[in-house]
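*Asks:* Shown below is the structure under consideration.
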Amino acid sequence: MMEFFQSLLGPLWPLVWTLVKIVVIVGPLLLAVAYVTYAERKVIGYMQVRIGPNRVGPLGLLQPIADGVKLMMKEIIIPSGANKKLFLLGPVLAMAPALAAWAVVPFSPELVLANIDASLLYIMAITSMGVYGIVLAGWASNSKYPFLGAMRSAAQIVSYEIAMGFALVGVLMAAQSLNLVEIVNAQKGSSFFSWYWLPLFPMFLVYLISSVAEINRAPFDVAEGESEIVGFHAEYSGMAFAVFFLAEYANMILVATLTALMFLGGWLPPFDVAPFTWIPGFFWLIAKICFVLFLFLWFRATFPRYRYDQIMRLGWKVFIPVTLIWLLFVGAMMQTPLGYLFH
Amino acid sequence: MNVQTLIFYFFATILLGAAARVVTARNPVHSALFLVLAFFTAAALWIMLQAEFLAIVLVLVYVGAVMVLFLFVVMMLDINYDTLREGFWDNLPFALLVAVLMAAEMAVVVAGRNFWANGSGVSPVIHGPEYSNIKELGRLIYTEYVYPFEIASVILLVAIVAAIALTLRRRKDTKYQDPAQQIAVRRNDRLRIISVETDTKLMKKQEVIQQTEQQS
């Protein structure tokens, strides 16, 4: 079968095959994005003693599809004073990094689109470009509230990126590799105590909280602030608006996956004994991603929004010093006989 | 012409086009965005040269951080495009002179024998997929070039400290909160429970009022 297509397409085969692989990743990802919105509404509903969506389809399962159809039917209004090209480029630039980062994410030791040497660096570089979508959307709208929202959001993302980067430096020091597959394999041990959440516990917390701030979610959602303040996408409507939401949720799944890979052992089972090792690693990874995603929803239902100056204080004055001190600590401990604890 | 050369010319065309637009675009925000595109394509070219670490760091540092701050500043400014164009023809001769000088310098470097890897008889090494660019770079930075590396980082640190020292001014009328103090507050600091004796006269008055209300 494969050989037949290979001979049919000739030199074009690698291109087509890569495209097929991209579709195989992006298709389920977008479906997952749709159902994370459903899960969010259901989970928060139950946390607030409500039922959540239950009208469209059995158990409300068709709600995300109905939402998607509704948004596609709506008119995309471009404000008359807006910079039209950049206005439309904004959602694209928000969405593209959220999808491009998945190119190097491994789902099992073999299942990865591009197993490049510096996959961790690649992810950091690509996700750091997501901020352009927000800044451009705010500026091109030619409206002061979206502009202020974009400024708030951009400053927040740039600040928390630093803390996040330092937390990742801790991971790569412990794993001695920038390759995500090797980072997961370095966490192999007899039980879940050998995963990096334990030796790098402060980094794990900093990474988890910073990633919530990076994706602009509650309690750090000043970019959007649905209920009271107006965010960077106030002038967007229809599908252009929906793309921002798709990007936000794709980013959410991405940071959940990265947390699972770097701190929670990726596809490794929690105990390296019989009943746990029977389940394929892919399902362990999915379970961990779902756990982190659930944490994000739980945060949103639990915490009130941070005030803006307190967001900045937390990022610069708490997280960055904490990660710097823990980096020094890990580096120093690695040189002592206790160093094996940090590998 | 093989595929690699094609890809190279593809990126090179985008790079030159974007670089030209950086200086010709009327809107400064567009210029900044074209600069982002130029950096990105330059990174792609570096990846073709197997310098993946430099390429990714170029995207991470310049595209992800420096250009965001650039855009920030450019967007915040209220720029009048006409005043920007003022004095274009007056400054043109001098600018041309600088441009010609720069082009000449580049030509001297490119024409030199040492610029080309095989100019001195050594052909460039093409590494296999096992070769880790980052590991090699890290090893060199922390062994052979450790002093220049440390000096460079100290210079950067000095620049950071200097920038903060230059812009830091303590205003006396600034209001700020001390979160540690806020957290340390106990109930007794804020709240005092007083036991108040019941005012019997008032009670009687109220009873009278209620009675009259019921009667009416």
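The values are calculated or read from the model by the stated rules, or taken from the named source; none is laboratory data. These numbers were taken from a predicted model, which means no experiment stands behind them. Glycine gets a Cβ as well: all are built from the backbone with ideal geometry, and neighbour counts include every protein chain shown. Remember, those area values only see protein heavy atoms, side chains included, never the ligands or the DNA or RNA. Shrake-Rupley method; radii C 1.70, N 1.55, O 1.52, S 1.80 Å.
*Asks:* Any chance you could count how many residues in region A:270-312 are small (Gly, Ala, Ser), surrounded by 15 or more Cβ atoms within 10 Å (Cβ to Cβ) and more than 28 Å from residue A:105 (Cβ to Cβ)?
*Replies:* 0
*Asks:* Any residue at all in region A:149-163 that is closer than 25 Å to residue A:265 by Cα, assigned to a loop (DSSP other than H, G, I, E, B) and not aromatic (Phe, Trp, Tyr)?
*Replies:* There is no residue in region A:149-163 that is closer than 25 Å to residue A:265 by Cα, assigned to a loop (DSSP other than H, G, I, E, B) and not aromatic (Phe, Trp, Tyr).
*Asks:* Among the numbered conditions (1) closer than 19 Å to residue A:97 by Cα; (2) open to solvent by 50 Å² or more (accessible area, probe 1.4 Å); (3) touching an Asp or Glu at 6+ places or on another chain (Cβ under 8 Å), tell me where residue B:46 comes up short.
*Replies:* Going through (1) closer than 19 Å to residue A:97 by Cα; (2) open to solvent by 50 Å² or more (accessible area, probe 1.4 Å); (3) touching an Asp or Glu at 6+ places or on another chain (Cβ under 8 Å) one by one, residue B:46 breaks only (1).
*Asks:* Do you know which residues across region A:83-107 are open to solvent by 20 Å² or more (accessible area, probe 1.4 Å) and either of a type outside the set (Val, Ile, Thr) or more than 13 Å from residue A:244 (Cβ to Cβ) (or both)?
*Replies:* Matches in region A:83-107: A:83, A:84, A:85, A:88, A:89, A:93, A:95, A:96, A:99, A:100, A:103, A:107.
*Asks:* Across region A:303-342, what is the total count of residues that are basic (Lys, Arg) and not in a helix (DSSP H, G or I)?
*Replies:* Of the residues in region A:303-342, 2 are basic (Lys, Arg) and not in a helix (DSSP H, G or I).
*Asks:* Among the residues in region A:117-133, are any within 7 Å of chain B (Cβ to nearest Cβ), more than 18 Å from the chain's Cα centre (by Cα) and in contact (Cβ under 8 Å) with a residue 60 or more places away in the chain?
*Replies:* Within region A:117-133 (the criterion being within 7 Å of chain B (Cβ to nearest Cβ), more than 18 Å from the chain's Cα centre (by Cα) and in contact (Cβ under 8 Å) with a residue 60 or more places away in the chain), the answer is yes, since at least one residue qualifies.
*Asks:* In region B:67-90, what residues are open to solvent by less than 50 Å² (accessible area, probe 1.4 Å) and free of Cβ contacts under 8 Å to residues at least 12 places away in the same chain?
*Replies:* B:68, B:72, B:87
*Asks:* Within region A:221-239, work out how many residues are open to solvent by 10 Å² or more (accessible area, probe 1.4 Å) and either among the small types (Gly, Ala, Ser) or within 14 Å of the chain's Cα centre (by Cα) (or both).
*Replies:* Residues that pass the stated criteria total 3.
*Asks:* Given the criteria open to solvent by less than 50 Å² (accessible area, probe 1.4 Å) and on the phi > 0 side of the Ramachandran plot, does residue A:315 qualify?
*Replies:* Criteria not met by residue A:315.
*Asks:* With the checklist (1) within 30 Å of residue A:330 (Cβ to Cβ); (2) touching an Asp or Glu at 6+ places or on another chain (Cβ under 9 Å); (3) away from every other protein chain (no Cβ under 12 Å) in hand, flag the one item residue A:164 doesn't pass.
*Replies:* That leaves (3) as the condition not met.
*Asks:* Hey, can you tell me all the residues within region A:22-71 that are of a type in the set (D, E, K, R) and either open to solvent by less than 40 Å² (accessible area, probe 1.4 Å) or more than 21 Å from residue A:247 (Cβ to Cβ) (or both)?
*Replies:* If the condition is that a residue be of a type in the set (D, E, K, R) and either open to solvent by less than 40 Å² (accessible area, probe 1.4 Å) or more than 21 Å from residue A:247 (Cβ to Cβ) (or both), then A:40, A:42, A:50, A:55 are the ones that fit.
*Asks:* Can you list the helices (runs of 4 or more DSSP H) found entirely within region A:228-302 that contain at least 2 residues being among the charged types (D, E, K, R)?
*Replies:* A:281-302
*Asks:* Still on this structure: Output the number of the condition that residue A:153 fails; it satisfies all remaining conditions of (1) open to solvent by 10 Å² or more (accessible area, probe 1.4 Å); (2) modelled with pLDDT under 90.
*Replies:* The single condition residue A:153 does not satisfy is (1).
*Asks:* Something else about it: Determine whether residue A:246 is within 30 Å of residue A:80 (Cβ to Cβ) and open to solvent by 20 Å² or more (accessible area, probe 1.4 Å).
*Replies:* Spelling it out, residue A:246 is indeed within 30 Å of residue A:80 (Cβ to Cβ) and open to solvent by 20 Å² or more (accessible area, probe 1.4 Å).
*Asks:* Taking region B:67-88, which residues are over 13 Å from residue A:151 (Cβ atoms) and either assigned to a helix (DSSP H, G or I) or among the basic types (Lys, Arg) (or both)?
*Replies:* B:67, B:70, B:81, B:82, B:83, B:84, B:85, B:88
*Asks:* Just wondering, is there one or more residues in region A:208-220 that are surrounded by 21 or more Cβ atoms within 10 Å (Cβ to Cβ), of a type in the set (A, V, I, L, M, F, W, C) and touching a Gly at 6+ places or on another chain (Cβ under 6 Å)?
*Replies:* no
*Asks:* Which residues, counting only those in region B:49-66, are more than 12 Å from the chain's Cα centre (by Cα), surrounded by fewer than 19 Cβ atoms within 10 Å (Cβ to Cβ) and either within 30 Å of residue A:151 (Cβ to Cβ) or away from chain A (no Cβ under 14 Å) (or both)?
*Replies:* Result: B:49, single match.
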